[in-house]
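Engineer: Dropping the structure in here first, questions after.
The values are calculated or read from the model by the stated rules, or taken from the named source; none is laboratory data. It should be emphasised that the depicted structure is a prediction, and the values quoted were computed from it without experimental measurement. Cβ placement follows ideal geometry from the backbone for every residue including glycine, while neighbour counts extend to all protein chains displayed. Please note that ligands, DNA and RNA were not included when accessible areas were found on the heavy atoms of the full protein model with its side chains. Shrake-Rupley method; radii C 1.70, N 1.55, O 1.52, S 1.80 Å.
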Amino acid sequence: MAKFLASLLFCSLTCSSAWSADPDWWRTAVIYEIYPRSFADTNNDGIGDLNGITEHLDYLKDLGVDGIWITPFYPSPQVDFGYDISDYKAIDPQYGTMADFDRLVAEANKRGIKIINDMVMNHTSDLHPWFIESKSSRKNPKADWYIWQNGDAKGHPPNNWQSIFGHSAWQWSEPRKQYYYHAFYREQPDLNFRNPAVRKAMYDIIRFWLDKGVAGFRLDAVPSLFEDPQLKDNPYFDGTDAYGERNVARAYTDNLPEVHDVLRELRRVTNEYPGSVLIGETYLPNAIELAKMYGKNRDELHLPMDMQVGFINKLSVPDFRQKLLEAETELNGNTPLFAFDNHDNIRAVDRYGDGAHNAEIQRLLATILLTPKSAALLYYGEELGMVTNTPTKVEDVRDPIGRIGWPREKGRDGERTPMQWNNDTNAGFGGTGTPWLPVGENYKTVNAATESKDPDSLLNYYKKLIKLRKENEQLREGDFILANDASTRVLSYLRVTKNGHAVVVALNFTATPQVANIDLASRGVKGRHAKTLIESFSGVDTVDLGHIALAPFGAYVGQVEP
Ligand code: NOJ
């Protein structure tokens, strides 16, 4: 408590509104993910930086986001562009200084925007002093900070575990004459979370950043924190992976029950800082597994990411109905966090688009992201319509997995191209430096400056939706109720508050015009008309709920009039 009071005092002096009046702000939040390397470059080195984020805070405020999650900016050899951390309590000079970070937090808080750090607990860089010490001998004080094992009788890796980034997850280390385990690149050795000293070190790091005024963390690779201590082989299944290895199900390397012990401990740490949030990178097979991440007593993650809804990857009404329903009914009343895009997956428009109606489909996806009862994650450039720009030649690939797995795995460069600010040189990403990745080809028209002037742009569609979601009581607090069970062409749902007031959302999932007939009575809602709040195509001010005309892939949001 003393610590909390001290940080409160510190923050009242330095970070004006870090401590939100509403400790549950995250339940309805729109959080914007920034890949700092690609956002804005202020020192002409072709790499984005923290000052670049600070420079564009007004844009983010105008967009209406509540918080920004910044992917790792700590000192790092940058093998995995920051997800290989060599010092958890400093800033990589590529991205700026600690003073720049403090300024960013203060300026963001002035605008009511919270800063969420990315925290990589599963692994460090192989150049982190902890690992350098750990690998130096079997007797050093940090000998047990990582996952070390002898080889098998023939000196081969101890079992068949595979790295998510290709080939064996075991790497030989000559000084110890042992293998170490790495779920990701070999330069990212896994920490041993069975060792209490490792846990304590991580929690100290978490407190360090909370004391600096951050509002929480996006926790990397949550399911990977523990591995089977008996080192059982993972089961094989048919086929090979992108790296040419036999497919393995990650039964003994992912999502072990011990993960929850760490999440509970972490939650206790963040509870010392009311209003802070733990977001989890939680790729899980289904909603039942996702539900466990909140904790039986709501004492683990506040917002484990729901990777079910946004990654259906086809516009199928039954699939969306099922996944949205599960998010509403299977998560024990906890808040889902929906996302369609991030820095690890080709952009949603390239997963859901049909080529002919991409502009309409982007608006449709934006509406699904921002109108259910959920928190929402946006990825930089999603609001503009940036597309994936996958390299066509292996020589051009920067992301190592693209080189290891070429051509089946082309890496993640395509979704990490520079933010498109305007139609100047390099899309206004920086000054004179050549951006670390090529700018997307559509930047002349798809950019923040051009779109902010066009009332019909995608950017303005996002802004309107975000504003509406904050201002409209039903969209803020209403229960989520699916409507029109039988339709395979139109997805429709209601947001209904206790006073019976409702908002209706109708989404045409087809390339032809559709007419939606919303059945309110069976959902206990009264009304025959709706006043249009937002629609993705030009239309009318009011509609008859028995007859909502929807343009191809059109999205309609209206206030039901009793
Ligand atoms: C998930 C991150 O999102 C990804 O970019 C990274 O490569 C891996 N975790 C390893 O840290």
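Engineer: So in region 78-133, with the set limited to residues that are in a helix (DSSP H, G or I) and of a type in the set (Phe, Trp, Tyr), which one is most open to solvent (accessible area, probe 1.4 Å)?
Structural biologist: The residue in question is TRP130.
Engineer: Quickly run through region 57-77 and pick out the residues that are open to solvent by 10 Å² or more (accessible area, probe 1.4 Å) and within 16 Å of the ligand (Cβ to nearest atom).
Structural biologist: Those that are open to solvent by 10 Å² or more (accessible area, probe 1.4 Å) and within 16 Å of the ligand (Cβ to nearest atom): PRO75, SER76, PRO77.
Engineer: Filter region 144-168 for residues that are hydroxyl-bearing (Ser, Thr, Tyr) and within 16 Å of the ligand (Cβ to nearest atom); which is surrounded by the most Cβ atoms within 10 Å (Cβ to Cβ)?
Structural biologist: Per the criteria, the residue is TYR146.
Engineer: Return the residue satisfying two criteria in turn: it lies in region 169-178 and is more than 16 Å from the ligand (Cβ to nearest atom) and open to solvent by less than 40 Å² (accessible area, probe 1.4 Å), and of such residues it is nearest to SER224 (Cα to Cα).
Structural biologist: The selected residue is TRP170.
Engineer: Inspect all residues belonging to region 387-402 and state whether any of them is in contact with a Pro (Cβ under 9 Å, 6 or more places away or on another chain) and either within 20 Å of VAL309 (Cβ to Cβ) or among the hydrophobic types (A, V, I, L, M, F, W, C) (or both).
Structural biologist: Yes, some residue in region 387-402 is in contact with a Pro (Cβ under 9 Å, 6 or more places away or on another chain) and either within 20 Å of VAL309 (Cβ to Cβ) or among the hydrophobic types (A, V, I, L, M, F, W, C) (or both).
Engineer: I want to confirm something. Restricting to region 114-139 and keeping residues that are among the β-branched types (Val, Ile, Thr) and within 20 Å of ARG207 (Cα to Cα), which single residue is nearest to the chain's Cα centre (by Cα)?
Structural biologist: Selected residue: ILE116.
Engineer: For region 430-475, which positions are more than 23 Å from ILE47 (Cβ to Cβ) and hydroxyl-bearing (Ser, Thr, Tyr)?
Structural biologist: THR445, THR450, SER452, SER457, TYR461, TYR462
Engineer: Moving on. For ASN122, state whether it is touching a residue at least 12 places away in the same chain (Cβ under 8 Å), within 16 Å of the ligand (Cβ to nearest atom) and of a type outside the set (Val, Ile, Thr).
Structural biologist: Judged against the criteria, ASN122 is a match.
Engineer: OK, next. Identify all residues within region 240-263 that are open to solvent by 50 Å² or more (accessible area, probe 1.4 Å) and aromatic (Phe, Trp, Tyr); write none if there are none.
Structural biologist: Correct list: TYR252 only.
Engineer: Can you tell me which residue within region 179-220, out of those that are basic (Lys, Arg) and within 16 Å of the ligand (Cβ to nearest atom), is surrounded by the most Cβ atoms within 10 Å (Cβ to Cβ)?
Structural biologist: Looking at residues that are basic (Lys, Arg) and within 16 Å of the ligand (Cβ to nearest atom), I get ARG218.
Engineer: Among what's in region 343-386 and is of a type in the set (A, V, I, L, M) and assigned to a loop (DSSP other than H, G, I, E, B), pick the residue that is surrounded by the fewest Cβ atoms within 10 Å (Cβ to Cβ).
Structural biologist: Of everything passing the filter in region 343-386, ALA356 is surrounded by the fewest Cβ atoms within 10 Å (Cβ to Cβ).
Engineer: Sticking with this one: GLY155 versus (1) assigned to a loop (DSSP other than H, G, I, E, B); (2) closer than 28 Å to GLY402 by Cβ: which is the lone unmet condition?
Structural biologist: (2)
Engineer: So which residues in region 295-344 are more than 20 Å from ARG495 (Cβ to Cβ), in contact (Cβ under 8 Å) with a residue 12 or more places away in the chain, more than 16 Å from the ligand (Cβ to nearest atom) and charged (D, E, K, R)?
Structural biologist: Those that are more than 20 Å from ARG495 (Cβ to Cβ), in contact (Cβ under 8 Å) with a residue 12 or more places away in the chain, more than 16 Å from the ligand (Cβ to nearest atom) and charged (D, E, K, R): ARG298, ASP299, GLU300, LYS314.
Engineer: Still on this structure, please answer the following. As an exercise: evaluate GLY414 against (1) without any contact (Cβ under 8 Å) to a residue 60 or more places away in the chain; (2) within 16 Å of the ligand (Cβ to nearest atom); (3) not hydrophobic (A, V, I, L, M, F, W, C) and give the number of the one condition it does not meet.
Structural biologist: Answer for GLY414: the failing condition is (1).
Engineer: Consider region 173-204. How many of its residues are in contact with a strand residue (DSSP E or B) (Cβ under 7 Å, 6 or more places away or on another chain) and more than 23 Å from ALA251 (Cα to Cα)?
Structural biologist: 4
Engineer: Enumerate the pairs (first residue in region 228-247 and free of Cβ contacts under 8 Å to residues at least 12 places away in the same chain; second residue anywhere and acidic (Asp, Glu) and open to solvent by less than 70 Å² (accessible area, probe 1.4 Å)) with beta-carbon separation below 9 Å, excluding pairs fewer than 6 apart on the same chain, so at least 6 apart or on different chains.
Structural biologist: ASN247/ASP241
Engineer: Right, another one. Select from region 249-283 the residues that are of a type outside the set (Val, Ile, Thr), in a helix (DSSP H, G or I) and over 18 Å from MET305 (Cα atoms) and list them in ascending order.
Structural biologist: ASP261, GLU265, ARG268, ASN271
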